[in-house]
1. Of all residues in the range 190-221, how many are aliphatic (A, V, I, L, M) and within 30 Å of LYS64 (Cβ to Cβ)?
2. If only one of GLY125, GLY121, GLY74, GLY94 is touching a residue at least 40 places away in the same chain (Cβ under 8 Å) and more than 20 Å from ASN288 (Cα to Cα), which one is it?
3. Of all residues in the range 236-245, count the ones that are near ligand 1 (Cβ under 9 Å from one of its atoms) and crowded, with 24+ Cβ neighbours inside 10 Å.
4. If you check LEU122 against the conditions, is it on the phi < 0 side of the Ramachandran plot, part of a strand (DSSP E or B), touching a strand residue (DSSP E or B) at 6+ places or on another chain (Cβ under 8 Å) and buried (at least 19 other Cβ atoms within 10 Å of the Cβ)?
5. Name every residue in the range 324-364 that is under 18 Å from LEU401 (Cβ atoms), away from ligand 1 (no atom under 14 Å from the Cβ) and buried (at least 19 other Cβ atoms within 10 Å of the Cβ), in order of residue number.
6. Does the range 261-277 include one or more residues that are among the hydrophobic types (A, V, I, L, M, F, W, C), part of a loop (DSSP other than H, G, I, E, B) and within 16 Å of ligand 2 (Cβ to nearest atom)?
7. Cβ-Cβ below 8 Å, separation at least six or inter-chain, first residue in the range 9-21 and over 11 Å from HIS316 (Cα atoms), second among the polar types (S, T, N, Q): which pairs?
8. Where the second residue is assigned to a loop (DSSP other than H, G, I, E, B) and away from ligand 1 (no atom under 14 Å from the Cβ) and the first is on the phi > 0 side of the Ramachandran plot and lies in the range 241-261, which pairs have Cβ atoms under 8 Å and are six or more apart or on separate chains?
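Derivation of every value follows stated rules applied to the coordinates shown; laboratory data play no part. Source: prediction; values computed, not measured. In this analysis, Cβ positions are derived from the backbone assuming ideal geometry, glycine residues included, and neighbour counts consider all displayed protein chains.
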Amino acid sequence: MYLHPEFEKLTRSEIEALQTERLKKTVRQCMNTEFYRRRFAESHIAPDDIRSLSDLGRIPFTTKQDLRDSYPFGMSAVPLSRVVRLHSSSGTTGTPTVILHTQRDLDEWANAVARCLYMVGLRPGDIFQNSSGYGMFTGGLGFQYGAERLGMLTVPAAAGNTKRQIKFITDFGTTALHAIPSYAGRLYEVMEEMGIDPRRDTHLRTLIIGAEPHSEEQRRRIEQMLGVKAYNSFGMSEMCGPGVAFECTEQNGLHIWEDYYIVEIVDPVTLEPVPEGEVGELVLTTINREAMPLLRYRTRDLTRILPGECPCGRHHLRLDRMKGRSDDMIILKGVNIFPIQIETVLMQFAELGNDYLITLTNEEANDLMTVEVELKAFSDDYHRLQALTKEITRQLKDEILITPVVRLVSKGSLPKQEGKAVRVRDLRKTLI
Ligand code: ADP
Ligand code: ZN
């Protein structure tokens, strides 16, 4: 049941003792960086002031902008000669950010991913195929080294060319696949076109899905389509990549490895801790990293800590499924909406496919939301389609409190991305 019992079985008080030790060490290491030396000086705190977990709140937050300002090597806590790898974010929203790793960092990252994969029942003998892009994107090498560390035969299929991906699954007898949720749906559609029944023609049993927000309904769909158990995997480049938090076989919340990270949930506006169990921004402090430790990093991801004990016996905190990023939030007519709320409604209709696109426009200061969603199969039953559109609109209105225009479109007609799905297009013009 445990790959690293010495860490996975820790009790709450043991976790806290380990975190206190590791936090103090991390703060000392941070003093090797110009960035944190300045930060501490500006806030009039000394490393020795951080003696317990409750002192963490005295340290200022670190933001993505701080990483950008330090691009590329400004946050290195070790001489560059000890850094053996860097990963970089896409940089689509400005200067890219860089994350640096020593060999020990890479080893510990592989251990974390291996621990996650072991937790969901994967073992040597399993054949693990990874459909992530390799290269700078951490889902590629992150899962590669983790799966190898566990001792599985690992197939670095990488992204793209879905027919080839499926051929690998059938030819190699792949039992476990890592895919982003939007791609899992695409994979099934192409299997259908090729006349392949995943239950009959493949050995797939386990799917690891993550890297983008998805609803519980979408997970159930993926499980049904492919005849697998699908586990939610959460990570981000700034925290290495995959392996930060992962569902156990209970499929109820993602255990975050607290021997690697200290978790805080704060109100994204006031930056004060939220009351226990409430949704807020996830803030993480790395406590098991050498090259680039980060203190109180604001992830912008919104989630909450699930209350209670997990029946699996692990005491590492469980995060709820991500609600989205604070910057994904749609503000329409003064109402705050997350794309995942819309997905949750859509996925309940058996007639609908997996792909949808939300478009925001404004005419004469009137904000409008259009939801286009693919039908699962062709239909020219006008009356049925009209009734379906009406029912979807009604349920969306109930969920998001505004009435969108719903358009049913034919299968395959919405644009497909190679990487993470783009669910929202904001075409609103600034009105003066
Ligand atoms: P980028 O910031 O360019 O998207 P990353 O690959 O580091 O690059 O993406 C990390 C982000 O992806 C997280 O901060 C989170 O918003 C999202 N993410 C990752 N895993 C999940 C998941 N399981 N559920 C929801 N969102 C996720
Ligand atoms: Zn559990």
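1. 4
2. Numbers: GLY125 fails: touching a residue at least 40 places away in the same chain (Cβ under 8 Å); GLY74 fails: more than 20 Å from ASN288 (Cα to Cα); GLY94 fails: touching a residue at least 40 places away in the same chain (Cβ under 8 Å).
Answer to the selection: GLY121.
3. 5
4. Here the answer is no, as LEU122 does not meet what is asked.
5. ILE330, LEU332, ILE337, ILE342, VAL345, LEU346, ILE358
6. Taking the range 261-277 as the starting set, the residues that turn out to be among the hydrophobic types (A, V, I, L, M, F, W, C) are 262-263, 265-266, 269, 271, 274.
The next check asks that each one be part of a loop (DSSP other than H, G, I, E, B); those that pass are 269, 271, 274.
Next cut, within 16 Å of ligand 2 (Cβ to nearest atom) only: none.
No: zero hits.
7. Every condition considered, the pairs that remain are THR20/SER52.
8. GLY243/TRP257; GLY253/LEU306; GLY253/CYS310
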